[in-house]
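Peer 1: Please read through the structure below; I'll follow up with questions.
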Amino acid sequence: MIKIDNVHKKFGHLHVLKGINLSVGEGEKLVIIGPSGSGKSTLIRCINFLEEPTSGEIFIDGEQILRHNHTRMVRENCAMVFQQFNLYPHKTVFQNITLAPVKLQGKTKKQAEELAWHYLDMVGLRDKALAYPAMLSGGQQQRIAIARALATKQRILLFDEPTSALDPEMVQEVLDVIIKLSQDHVITMIIVTHEMGFARQVADRVIFMDNGLLVEEGKPDELFDHPKNERTAAFLSKILR
């Protein structure tokens, strides 16, 4: 579903991604871990062209993402859940969810509303349909952001540290929604997270990034319990203790 070929990303003199090569299968649940500043978020932002790679190539389902086609490619294939929710504050929950299907995908109002109710039920927030984002807790806002992403019916979901902006007591309610989603839907998911227990539970494969490089990858139990690389082992010894 996704192929990344020798992707570099520079911000001025700062070399953030240093030749990333990665393939992600259809329906695969890939979790990316690593220290802050390792390039994790930049990598997934390059996949949906929020950041344009400095060099290298990215393909979705065999078609290369380029400057002239990236808007269509992203609309047809990708949805993203951000750290900071990014809900429209002046629109209700229901309006936030129905906006993209109507404006970007040409769905009828009725079709968009049916999708909104379905995914509000899935994240357990039907009763908040007429609320505004400021009336919700951080955990509820992030669950609405997930419902909004799902309502676009994309084949790829990107999660950029979806719990990092939440108070600790709200983290699990969001993780539970993502776990259920991973179990019940054949969607390709790439998740950047620092939640190691969650990564072990949801991932088909885990990748450890450091200093702009893919250092090690493997199945969750293999990587967490028996890391082969010294940098991976050092990181996990700090974060799992």
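Peer 1: Within the stretch 134-241, what percent of beta bridges assigned by DSSP are antiparallel, to the nearest 5? Walk me through the numbers on the way to the answer.
Peer 2: Numbers: 5 of 10 bridges.
If I count the DSSP bridges inside the stretch 134-241, around 50 percent turn out antiparallel.
Peer 1: Taking the alpha-carbon set of the stretch 39-92, what are its Rg and Dmax in Å?
Peer 2: Computed over the Cα atoms of the stretch 39-92, radius of gyration and Dmax are 12.8, 40 Å.
Peer 1: Something else: Rounded to the nearest 500 deg cm²/dmol, what is the calculated helix-only ellipticity per residue at 222 nm for the chain, with -39500 (n - 2.57) per DSSP H run of length n ≥ 4?
Peer 2: -12000 deg cm²/dmol
Peer 1: Given charges of +1 on the Cβ of Lys and Arg and -1 on the Cβ of Asp and Glu, with all other atoms neutral, how large is the dipole of the chain about its Cα centre, in debye to the nearest 20?
Peer 2: For the chain, the charge dipole is close to 720 debye.
Peer 1: I'd like the Kirkwood hydrodynamic radius of the stretch 88-138, using the inverse of the mean 1/r over distinct C-alpha pairs, in Å.
Peer 2: 11.1
Peer 1: For LYS103, LYS110, give me the order by solvent-accessible area with a 1.4 Å probe, most accessible first, ignoring ligands, DNA and RNA.
Peer 2: Listed by decreasing accessible area, they come as LYS103, LYS110.
Peer 1: Could you check what % of the DSSP bridge pairs in the chain are antiparallel, to the nearest 5?
Peer 2: Of those bridges, close to 55 percent are antiparallel.
Peer 1: Where the accessible area of the stretch 13-167 is counted over protein heavy atoms with a 1.4 Å probe, how much of it, in %, is carbon and sulfur?
Peer 2: On the way: 3460 of 7010 Å².
Carbon-and-sulfur percentage of accessible area, whole number: 49.
Peer 1: Further question: At a Förster radius of 51 Å, what calculated FRET efficiency corresponds to the Cβ-Cβ distance of ALA233 and ASN69, to the nearest 0.05?
Peer 2: 0.80
Peer 1: Still on this structure: Give the relative contact order (percent, whole number) for the stretch 1-142; include only Cα pairs under 8 Å separated by 6+ residues.
Peer 2: About 20 percent, as a whole number.
Peer 1: Cα to Cα, under 17 Å, and not fewer than 8 places away if on the same chain: which aspartates and glutamates meet these conditions relative to LYS128?
Peer 2: Leaving aside aspartates and glutamates fewer than 8 places away in the same chain, those within reach of LYS128 are GLU113, GLU114, GLU173.
Peer 1: Further question: Quick one: grab Rg to one decimal and Dmax as a whole number for the chain, Cα atoms only, in Å.
Peer 2: According to the Cα coordinates of the chain, Rg and Dmax are 17.8, 54 Å.
Peer 1: Continuing with this model, one more query. Can you give the FRET efficiency for ILE179 and LYS153, using 1/(1 + (r/R0)^6), R0 = 22 Å, r = Cβ-Cβ distance, to the nearest 0.05?
Peer 2: The formula returns an efficiency of 0.65 here.
Peer 1: If you don't mind, there's one more thing I want to ask. Per residue, what accessible area does the stretch 33-160 have, given a 1.4 Å probe and all protein chains present, in Å²?
Peer 2: 46
Peer 1: For the stretch 90-191, what does the alpha-carbon gyration tensor say about shape, rounded, prolate or oblate, given a ≥ b ≥ c as the root eigenvalues, a/c under 1.5 as rounded, and a/b over b/c as prolate?
Peer 2: Working: a/c = 1.83, a/b = 1.20, b/c = 1.53.
Oblate shape, in that a/c is at least 1.5 and b/c is the bigger or equal ratio.
Peer 1: Could you work out the relative contact order of the chain, using alpha carbon pairs under 8 angstrom and six or more residues apart, expressed as a whole percent?
Peer 2: Computed value for the chain: 27 percent relative contact order.
Peer 1: On to the next question. Principal axes first, then extents: for the Cα atoms of the stretch 12-146, list largest minus smallest coordinate on each axis, whole Å, largest first.
Peer 2: If we take the Cα atoms of the stretch 12-146, the spans are 46, 33, 29 Å.
Peer 1: Going down the list LYS18/LYS219; LYS9/LYS91; LYS180/LYS238, which pairs span over 26 Å between their C-alpha atoms? Present the calculation step by step, with values, prior to reporting the outcome.
Peer 2: Details: LYS18/LYS219 23 Å; LYS9/LYS91 35 Å; LYS180/LYS238 28 Å.
From the list (LYS18/LYS219; LYS9/LYS91; LYS180/LYS238), the Cα-Cα distance tops 26 Å for LYS9/LYS91; LYS180/LYS238.
Peer 1: Okay, next question. Taking the Cα centre of the stretch 1-66 as the origin, how large is its charge dipole in debye, to the nearest 20, when only Lys and Arg (+1) and Asp and Glu (-1) carry charge on their Cβ atoms?
Peer 2: Values: 7 positive and 8 negative charges, 81 e Å.
It comes to approximately 380 debye.
The values are calculated or read from the model by the stated rules, or taken from the named source; none is laboratory data. This structure is a prediction, so every number in the text was calculated from the model and none was measured. Cβ atoms come from the backbone with ideal geometry, glycine included; neighbour counts cover every protein chain shown. Remember, those area values only see protein heavy atoms, side chains included, never the ligands or the DNA or RNA. Shrake-Rupley method; radii C 1.70, N 1.55, O 1.52, S 1.80 Å.
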